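The values are calculated or read from the model by the stated rules, or taken from the named source; none is laboratory data. Remember, it's a predicted structure, so these values are computed and weren't measured experimentally. Note that we place each Cβ from the backbone using ideal geometry, even for glycine, and neighbour counts take in every protein chain shown.
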Amino acid sequence: MEENPWITNSSEMVYESPWIKITKHDVLNPANKTATYSVVHFKGLAIGILALDNELNTWLVGQWRYPVNEYSWEIPEGGGALDVEPVESAKRELKEETGIIAKNYTEIMRMHLSNSATDELAIIYIATGLSFENAEPEESEVLQLKKIPLNEAYQWVMEGKITDAITVAAVLKTKILLEKGLLNLK
């Protein structure tokens, strides 16, 4: 049953910005009934970086997230252009938001963030071998930086204090990799 049961009869682009495109599709759904399915296409990648030092501390970025109208604690994240190697975007975002330069980047996962409505793909890295410079946030970013133990970030995830999908996935996967001895921090 891994074949596509949806039939697209027509498609119309209804909105476009430099970051997204929204398309309305007139379809026959799997029950063979007419329906409308709108899809948000992202023109870049979502990149997340969980920086870890040798004492298993990490850095979270706090900022107001307009779409959900809430303050959010997250690992450093941002967009990556499709014509740039994702790890290069990760290096740029980590430096920009935290001032951290990492010697090592390990990709730990790829995930679709909301595949019922978007095609956004996130790539998540663990960064190690850290050195520190000044952060260079974008002019639209008002960021707060917090260094905390990974176990505390895990508690924040479990308590619902962290709700950002990329951060939740990164913290949980990193904790599991560490517990199973599958992550080399050197």
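Below, the figures for the structure above:
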quantity	calculated
Scope region 176-186; condition part of a helix (DSSP H, G or I) and touching a Leu at 6+ places or on another chain (Cβ under 7 Å); matching residues	L177
Condition met for F132 (more than 20 Å from I162 (Cβ to Cβ), touching a residue at least 60 places away in the same chain (Cβ under 8 Å) and of a type in the set (F, W, Y))	no
Candidates T98, T58, T23, filtered to the one that is polar (S, T, N, Q), more than 20 Å from V142 (Cβ to Cβ) and assigned by TED's automatic domain parsing to the domain that holds F132	T58
Check on A122, closer than 22 Å to W64 by Cα and in a loop (DSSP other than H, G, I, E, B)	no
Qualifying residue in region 71-81 (condition: farther than 26 Å from L182 by Cα, surrounded by 13 or more Cβ atoms within 10 Å (Cβ to Cβ), of a type in the set (S, T, N, Q) and in contact with a Ser or Thr (Cβ under 9 Å, 6 or more places away or on another chain))	yes
Check on T163, of a type in the set (S, T, Y), assigned by TED's automatic domain parsing to the domain that holds N57, surrounded by fewer than 17 Cβ atoms within 10 Å (Cβ to Cβ) and touching a residue at least 60 places away in the same chain (Cβ under 8 Å)	yes
Test set (1) under 19 Å from T163 (Cβ atoms); (2) among the β-branched types (V, I, T); (3) in contact with a helix residue (DSSP H, G or I) (Cβ under 7 Å, 6 or more places away or on another chain) - V68 fails condition number	(3)
Residue selected from region 142-172 under the condition of a type in the set (K, R) and in contact with a Leu (Cβ under 9 Å, 6 or more places away or on another chain), by the criterion farthest from A51 (Cα to Cα)	K146
Test for S10: is it small (G, A, S) and more than 26 Å from I101 (Cα to Cα)	yes
Residue that is more than 22 Å from N134 (Cβ to Cβ) and either among the β-branched types (V, I, T) or surrounded by 17 or more Cβ atoms within 10 Å (Cβ to Cβ) (or both), where the choices are L52, L45	L45
Single residue of region 44-93 satisfying the filter (over 18 Å from L172 (Cβ atoms) and among the aromatic types (F, W, Y)) that is modelled with the highest pLDDT	Y71
Whichever residue in region 85-122 is among the small types (G, A, S) and crowded, with 19+ Cβ neighbours inside 10 Å and, among such residues, is nearest to the chain's Cα centre (by Cα)	A122
